[in-house]
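Please read through the structure below; I'll follow up with questions.
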Amino acid sequence: MTQAPKIGLVSLGCPKALVDSERIMTTLRAQGYAFSRDYEGADVVLVNTCGFLDSAKQESLEAIGEALNENGRVIVTGCLGVEEDLIRETHPSVLAVTGPHQYESVVSAVHDHLPPVPNKFVDLVPESGLRLTPRHYAYLKISEGCNNRCSFCIIPQIRGDLVSRPAAGILSEAEGLVRSGVKELLVISQDTSAYGVDIKYAESRYRGRPVKAKFYDLARELGDLGAWVRLHYVYPYPHVDAVIELMAEGLVLPYLDIPFQHASPSVLKSMRRPANQEKTLDRIRKWREICPDLAIRSNFIVGYPGETEADFAFLLDWLEEAGIDRAGCFRYEPVTGAPANALEGAVPDEVKDERFARLMEVAQDISFERLRARVGRTIEVIVDDVRPDENRAIARSKWDAPEVDGQVIVDNATGIKIGDIVPVTVTDSDEYDLFAEPARH
Ligand code: SF4
């Protein structure tokens, strides 16, 4: 049997801190970790600090230094954790810092840097955790929070600034999911292209080698796991170009979910959207040169305060130029606490409705044309559902994310099961869906 990962624990401070240490130990023990009495035997050392008096702070900083010298892989928690800057200035190589009473954060920091080893004889939950998605696909969250400040959004107020997970933790989770039968990984966050900025693209060790917390590096590693990898919530920054090459190589699905929200420069500026200065159309053209099969999904807001008819017409033209494969649309609504509420130039509801209908019509025409161009091709699809009485399978192509995009309806689907990835030949299309038959070998 694989050996349990071992943790060394240094517990400083008052009885409350001691109780915290006991709780952390109990949780980790229940998850299959073992404990080491010395630095050498530990895979990671946890230092539970005290920050009550200056002398206690000093003692905590010294304990962190000692653990780094003796072991090198140190996670800090406890009261001094609230002074993360001080800890990182003094000891830049600590793996993670969490504050007092943050059991979940410290346990998840341990998972990221020293993944638990699953043991099917004693674990109460499967290795892939308990999931609400079907067995064959799973969402993989790579960060929490957001550094942008879009004027219509309150997510940064609710969830705070961007906090990226170390790459090793994400990759171990993804590996576990694939081992448990997941065939499609859906990478999510608030801003996937910003992944790792907050932790300065820090390296963590995965399969014995360092991996940077960088969008490209993570996408490449995920692509090597043998599952479909779909990227959601990406912004059109220049560094995304390199990821498109991974799509052309077939490592990552040729699919990008980019919430553009608008195209008119003045509306984007008023929305304070990330990458609003980028020459997006040029960028999309370049992406399609690199990966001609790329499908782009996006969302748009109509009726944003101050949106003129000219802004809206600009958006419609842009949609056609960009050839957005899948477009979702929302009528603007104020959100309590969002800065956009203070903007002038509210658009009347009937104008919002009319723009919504016009946008959806244009989006439908684009989708219809783009899908028609796929008729006759043989493609791989992943099966979400089967209807034996109709001899039909409901599947998705690489260009379709679950729940939000279209479907591939496969007839004569004898023997095809949910979760299968099968080749089919596209026989027909409509505005949203493709129709297909199993490919003849
Ligand atoms: S809408 Fe803007 S601020 Fe809100 S989560 Fe997305 S990128 Fe961040």
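The values are calculated or read from the model by the stated rules, or taken from the named source; none is laboratory data. On a predicted model such as this, the values are computed, not experimentally measured, just so you know. Every residue, glycine as well, gets a Cβ built from its backbone with ideal geometry; the counts of neighbours run over all protein chains shown. The protein model used for the area step is the full one, side chains on, heavy atoms only, and it has no ligands, DNA or RNA in it. Shrake-Rupley method; radii C 1.70, N 1.55, O 1.52, S 1.80 Å.
Tell me the accessible surface of T90 in square angstrom (1.4 angstrom probe, heavy atoms of protein chains only), to the nearest ten.
Surface accessible to solvent at T90 totals approximately 70 Å².
Distance from the Cα centre of the range 376-424 to that of the range 55-114, in angstrom?
With the range 376-424 and the range 55-114 each reduced to a Cα centre, they are spaced 49 Å.
While we're here: Looking only at Cβ-Cβ distances, which cysteines of the chain have no other cysteine closer than 4.7 Å?
Result for the chain is C14, C50, C79, C146, C291, C329, no neighbouring Cys Cβ within the cutoff.
Still on this model: When only alpha-carbon atoms count, how far does the range 32-77 stretch along each of its three principal axes, as whole angstroms with the largest first?
Between the extreme Cα coordinates on each principal axis of the range 32-77 lie 34, 22, 15 Å.
Ordered by residue, what ³J(HN,Hα) values in Hz, to whole numbers, does the range 70-83 give under the Karplus form 6.51 cos²θ - 1.76 cosθ + 1.60, where θ = phi - 60° and Gly and Pro are x?
7, 10, x, 10, 10, 10, 9, 9, x, 4, 5, x, 5, 9
Restricting the calculation to Cα positions, tell me the Rg (one decimal) and the Dmax (whole number) of the range 147-186 in Å.
Using the Cα atoms of the range 147-186, the pair Rg, Dmax is 15.0, 41 Å.
Still on this structure, I have one more. With charges set only on the Cβ (+1 for Lys and Arg, -1 for Asp and Glu), what does the dipole of the range 168-297 come to about its Cα centre, in debye to the nearest 20?
Details: 19 positive and 17 negative charges, 59 e Å.
For this selection, approximately 280 debye.
So for the chain, averaging the separation of alpha carbon pairs under 8 Å that are six or more residues apart and normalising by length, what relative contact order in percent results?
9 percent
Once each part is reduced to its C-alpha centroid, what is the distance from the range 330-359 to the range 157-227 in angstrom?
35 Å
Something else about it: Expressed as a whole percentage, what fraction of the accessible surface of the range 59-206 belongs to carbon and sulfur atoms when a 1.4 Å probe is rolled over the protein heavy atoms?
The value for the range 59-206 is 54 percent carbon and sulfur by accessible area.
If you average the sequence gap of Cα pairs under 8 Å that are 6 or more apart and divide by the length of the range 267-391, what percent do you get for the contact order?
RCO, the range 267-391: 27 percent.
Which percent of Cα pairs goes in each bin when the distances of the range 144-233 are cut into 10 angstrom slices starting at zero?
17, 46, 29, 8, 0
Counting only heavy atoms of the protein chains, get the accessible area per residue of the range 378-441 (1.4 Å probe) and round it to a whole Å² value. Please list the in-between numbers first.
Details: 3200 Å² over 64 residues.
For the range 378-441, the solvent-accessible area averages 50 Å² per residue.
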